[in-house]
Amino acid sequence: MARPVWAGSLTFGLVSLPVGLYTATDSHTIHFHQLQRGTSDRIRNRRVNERTGKEVELDDIVKGFDTGDEYVLVEPKELDDIAPGRSRSLEIAGFVDLTEVDLAFLDKIYYLGPRGAEHGKVYSLLEQALEKSGKAGIATFVMRQRQYLVAVTAENGLLTCHTLHWADEIRDPKKEIGDLPGKVNASAKELKMAEQLIDALSMEWNPEEFHDTFQEKVAALIEAKKAGESVEKAEPPAKATGAVDLMEALRASVERARSPKDTDEKATTAASPQRKKAAPAKKRVPSKGESLQSLTKAELYKKAAAAHVPGRSTMTHDQLVDALTAKASSGS
């Protein structure tokens with residue numbers, strides 16, 4: 001069982017619930033050591049006194065705020081002493097509709113758990129009430145000498161705590177991006193075609209379909225270099241679509257996203273009104289002599305659409321090849 005990264009009391013009104021805050025996510029980033037080029041010598045960072053050049057122990061380090069003329073020294077314990085609730089209170093100021101919380105404010109997510117079985121009823125009561133009301137509790141608390149704004153929500157039978165950015169931490173996009181187009185005068189045909197493309201690429205949200213392909217490429221690169229081999233470079237980014245080519249690009253995208261089965265059914269229905277439904281198109285399995293690798297990404301995507309490969313819209317050329325090969329092998 002994991003240890004909480006913070007423990008205290010969640011309060012709403014006159015109700016107080018002892019809780020622990022638990023890390024909800026892991027990072028699967030591949031970490032590298034720093035080495036001096038041409039050697040296997042590790043490079044390490046040390047805390048060094050810049051005047052004497054000597055290494056300083058962590059216990060001998062204090063915080064200093066530069067006022068320009070001198071440093072104001074602050075001990076870590078002094079920060080704990082002035083923290084609201086002495087760093088052990090997560091007080092809900094009020095409840096808001098979940099839809100009111102702008103996604104730009106969301107930062108990290110933690111799990112909240114009751115500190116003791118005897119507090120299970122209060123914990124479950126708050127979880128059920130938040131679930132039924134569709135609201136989030138907005139609260140503040142201090143952890144590791146920093147105050148956080150958070151949203152407490154109910155998700156799948158437990159309480160979660162989403163840390164939020166403060167309002168003054170959200171940058172104004174109009175100041176950050178100099179060439180925002182605003183509302184452009186798109187033609188009715190362009191807008192309709194864009195909506196059709198969105199509809200054709202619509203899917204059910206299934207996070208299990210997505211994985212970190214870059215980390216897989218990094219792992220493959222490491223294995224290849226161990227074996228003295230080289231790896232294929234990534235595909236270059238797509239060229240920007242110009243305004244003149246926009247309509248044609250949209251039309252081609254819609255045709256590529258639609259499966260041949262849907263296209264055949266619509267064509268047959270239009271030609272023969274008496275026939276309500278066309279016979280389903282047979283799935284074509286690539287022959288042994290045919291190399292999927294030799295096909296373009298657009299051709300692979302068309303085959304993936306016909307085979308109803310999930311998550312195909314985000315796949316690279318190689319991922320489409322692997323997915324189609326797996327489909328053909330399984331016979332599904």
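Entry remark, region 304-331: residues being part of a loop (DSSP other than H, G, I, E, B) and of a type outside the set (Val, Ile, Thr) number 6 in total. Residues that are touching a residue at least 12 places away in the same chain (Cβ under 8 Å) and of a type in the set (Ser, Thr, Tyr) within region 240-253 comprise just one, Ser253. Against the condition touching a Ser or Thr at 6+ places or on another chain (Cβ under 6 Å), modelled with pLDDT under 95 and among the aliphatic types (A, V, I, L, M), how does Val142 come out, does it pass? Yes: the conditions hold for Val142.
In summary, helices (runs of 4 or more DSSP H) completely within region 153-237 and bearing 3 or more residues that are over 28 Å from Ala249 (Cα atoms) occur at 173-176, 213-226.
I'd like to verify a number: residues in region 51-61 that are more than 36 Å from the chain's Cα centre (by Cα) and hydrophobic (A, V, I, L, M, F, W, C), how many?
Here is the first cut: in region 51-61, the ones more than 36 Å from the chain's Cα centre (by Cα) are 51-57, 59-61.
The next check asks that each one be hydrophobic (A, V, I, L, M, F, W, C); those that pass are 56, 61.
Number of matching residues: 2.
Could we say that Ser16 is in the same structural domain as Ile138 (by TED's automatic domain parsing), surrounded by 10 or more Cβ atoms within 10 Å (Cβ to Cβ) and modelled with pLDDT under 90 here? No.
Which residue is nearest to Leu149 (Cα to Cα), if the candidates are limited to region 59-87 and must be aliphatic (A, V, I, L, M) and modelled with pLDDT of 90 or more? Step through it out loud before you land on a result.
Initially, region 59-87 is screened for residues aliphatic (A, V, I, L, M), giving 61-62, 72-74, 79, 82-83.
Right, trim to modelled with pLDDT of 90 or more and you get 61-62, 72-74.
Values: Ile61: 28, Val62: 26, Val72: 27, Leu73: 27, Val74: 24 Å.
Among those that are aliphatic (A, V, I, L, M) and modelled with pLDDT of 90 or more, it is Val74.
Residues that are touching a strand residue (DSSP E or B) at 6+ places or on another chain (Cβ under 6 Å) and of a type in the set (Ser, Thr, Tyr) do not occur anywhere in region 124-132. Within region 181-206, residues that are closer than 17 Å to Pro310 by Cβ reach partners that are charged (D, E, K, R) and surrounded by 12 or more Cβ atoms within 10 Å (Cβ to Cβ) with beta carbons closer than 8 Å, at six or more positions or on different chains, in the pairs Ala200/Arg258. Close contacts from region 222-239, counting a first residue that is free of Cβ contacts under 8 Å to residues at least 24 places away in the same chain and a second that is assigned to a loop (DSSP other than H, G, I, E, B) and surrounded by fewer than 10 Cβ atoms within 10 Å (Cβ to Cβ), with Cβ to Cβ under 8 Å and a gap of 6+ residues or different chains, come to Ala224/Ser230. Here Ser40 meets each of (1) over 34 Å from the mean Cα position of the chain (by Cα); (2) over 30 Å from Phe214 (Cα atoms); (3) outside the structural domain of Tyr148 (by TED's automatic domain parsing) with one exception, condition (2).
The values are calculated or read from the model by the stated rules, or taken from the named source; none is laboratory data. In this text the structure is predicted, and so the values were computed from the model without any measurement. Glycine also receives a Cβ, built like all others from the backbone with ideal geometry; neighbour counts cover every protein chain displayed.
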